[in-house]
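Worksheet for the structure shown next.
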Amino acid sequence: MLVGEEPYAPYQRPPLSKDCLLGKLEPDRLLIRDPQWYAEQGVTTRFSTRIREIRTSRRQVISDQGDILEYSKLVLCTGAGARTLPERMGGDLDGVFTLRTIADMQRLRPVLQPGRRLLILGGGYIGLEVAAVARQLGLEVTLLEMADRILQRVADRETSGFFRDLHREHGVVLRESTRVARLAGVDGRVRAAELESGERIDADLVLVGIGSQPNTALAESAGLECDNGIAVTETGRTSDPDIYAAGDCTSFVRNGVRVRLESVQNAADQGDLVARVLGGEETAYTAVPWFWSEQYDCRLQIVGLNHGHTHTVLRRSGKDRSQSVWYYADDRLLAIDAMNDTRSFALGRRIIEMGKHPSPEQVADPEVDLKALVRPPKR
Amino acid sequence: MTRITWKIEGDRDISGEVEDGLNLMEAAIAHDVPYIYGECGGCLSCATCHVFVEPEWLEMTGPVDDVEDAMLEMTDVERRKTSRLSCQVEVSPELDGLVLHVPIPE
Ligand SMILES: Cc1cc2nc3c(=O)[nH]c(=O)nc-3n(C[C@H](O)[C@H](O)[C@H](O)COP(=O)(O)OP(=O)(O)OC[C@H]3O[C@@H](n4cnc5c(N)ncnc54)[C@H](O)[C@@H]3O)c2cc1C
Ligand code: FES
């Protein structure tokens, strides 16, 4: 049985901040599978159903309506929720948005009208993607980042700089090291942001893109071990022998560091892993993470995890606005950010999966054919 | 509606009518074709929608752009001359009768 709080069958979220928000793709195209498909596979579905409690000792979950559902094994795939601004900072004013669900997208899309002033708080992927969409729709966009650079949590300076330039060229007013004290409204509607410096920035709409938090409340109240996510082993197990977890709600140890990933790759691969483990297969989570983002006509593709890198190497493809940043821990290749450089992403992913570590000199030299490192030349 | 056939290598054939305007990855998912996952939703980041096009149909599926060509470097089963990422091909009446071969990863 598959139970979910939202009224729809599982869907793809990435287009919510990209083609869907631009109006190029309708939400009905987002479903991962047709709703009937689940029944054909023998899966009962219950949507619009929120689970409020797990009774581990009786192996039951209780829905908001008070229904009791029994399980022999339970898999928590509760995802994450957008972080919001607290009420005291004006987070409850009309005209303030977050973006996580189809419903959020449907609220935001109609108000993105040309000429309106959109203020975006947070220079992570969602903030940047919405900035790109809003500029394409003709809004005036200001983006504020409190850290000293956008994408600071996830990328190196080189990548941050690439996207800073990209957005400024497209007319976004992008300001880093800038903290908002609170949002100010009139008659319950947002009108401006007041910065800690005392400066005031007028706005008609505010998008809060300050990250997300894993939906762990259910797991925590059931006593499952949580640490920035439901702690899972490399076989997807939680601290309760009958409960597994997968996706954005989990955290796990990779290369000695506890990580929580928010990506389609991780959700799909952990989901696949748990299904296999439940089916009795002996397997463990080793998939190499990957991620993508789209802003204007720029495609960012990432492979690997850059935690603990000591330096980066820049590879220019020779084409305009096309480059990749290779993250190394000493001489070990950890991860790659590829901007408009799918070749580096695709071949780099193979290189990382094969456990190879090309030298920084090889990588920096655009004359070196990455393909030779992956598939030996055919005779 | 356009008729598409997927031949699963060394296994069965799946044939079905597909709504025009979808892409061939979405069409495969709608017909529950195994080994086609479309993990990235068709944005050229996963290569989990790889197919071999029956040679006589190859030209009809249109040109392969640079990004698709680069992504074909990371398919699970090594690319061939007839390889396409099926999310990049839109279903249209001209493709009626199209035959695709679905490779099975190791
Ligand atoms: C706007 C946006 C853009 C994104 N872009 C990209 C991208 O370009 N590339 C990429 O790789 N990733 C992207 N992501 C991330 C990606 O969508 C997530 O990693 C993925 O959706 C995680 O899947 P999940 O199944 O773990 O969680 P979710 O998709 O969050 O699903 C969890 C579901 O569980 C439900 N739920 C939670 N608690 C309960 C409960 N108690 N009872 C019942 N149901 C409950 C929730 O309502 C939700 O429907 C994006 C995300 C967003 C929001
Ligand atoms: S669906 Fe991901 S590349 Fe085709």
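So the values come out like this:
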| quantity | calculated |
| --- | --- |
| Residue check, residue A:222 more than 19 Å from the chain's Cα centre (by Cα), within 20 Å of residue A:82 (Cα to Cα) and away from ligand 2 (no atom under 16 Å from the Cβ) | no |
| Where residue B:32 falls short, out of the listed (1) within 14 Å of the chain's Cα centre (by Cα); (2) surrounded by 16 or more Cβ atoms within 10 Å (Cβ to Cβ); (3) assigned to a loop (DSSP other than H, G, I, E, B) | (2) |
| Selected residue [within 11 Å of chain A (Cβ to nearest Cβ) and in contact with a Ser or Thr (Cβ under 6 Å, 6 or more places away or on another chain)] from B:67, B:51 | B:67 |
| Residues of the stretch A:275-307 that turn out to be away from chain B (no Cβ under 12 Å) and among the acidic types (Asp, Glu), as a count | 2 |
| Members of the stretch A:38-72 found to be touching a helix residue (DSSP H, G or I) at 6+ places or on another chain (Cβ under 9 Å) and surrounded by 11 or more Cβ atoms within 10 Å (Cβ to Cβ), listed by number | A:43, A:45, A:47, A:51, A:52, A:53, A:54, A:61 |
| Wholly enclosed strands (runs of 3 or more DSSP E) of the stretch A:205-290 bearing at least 1 residues more than 29 Å from residue A:97 (Cα to Cα) | A:243-245, A:250-254, A:257-259 |
| Residue A:358, sole failed condition from (1) free of Cβ contacts under 8 Å to residues at least 40 places away in the same chain; (2) within 14 Å of chain B (Cβ to nearest Cβ); (3) in a loop (DSSP other than H, G, I, E, B); (4) not basic (Lys, Arg) | (2) |
| Cβ-Cβ under 8 Å pairs, at least 6 apart or on other chains, the stretch A:2-17 side within 13 Å of chain B (Cβ to nearest Cβ), far side near ligand 1 (Cβ under 6 Å from one of its atoms) and part of a loop (DSSP other than H, G, I, E, B) | A:10/A:4; A:13/A:100; A:16/A:99; A:16/A:100; A:17/A:99 |
| Candidates B:73, B:39, B:78, B:26 - the one that is assigned to a loop (DSSP other than H, G, I, E, B), more than 8 Å from ligand 2 (Cβ to nearest atom), within 12 Å of chain A (Cβ to nearest Cβ) and under 29 Å from residue A:340 (Cα atoms) | B:78 |
| Yes/no for residue A:129 being within 14 Å of chain B (Cβ to nearest Cβ), under 28 Å from residue A:169 (Cα atoms), away from ligand 2 (no atom under 16 Å from the Cβ) and buried (at least 16 other Cβ atoms within 10 Å of the Cβ) | yes |
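Bear in mind these aren't lab numbers, they're just calculated from the coordinates by the rules spelled out. Quick caveat, the model's predicted, so the values are computed rather than measured. Here Cβ is always computed from backbone atoms with ideal geometry, including for glycine, and neighbour counts include all displayed protein chains.
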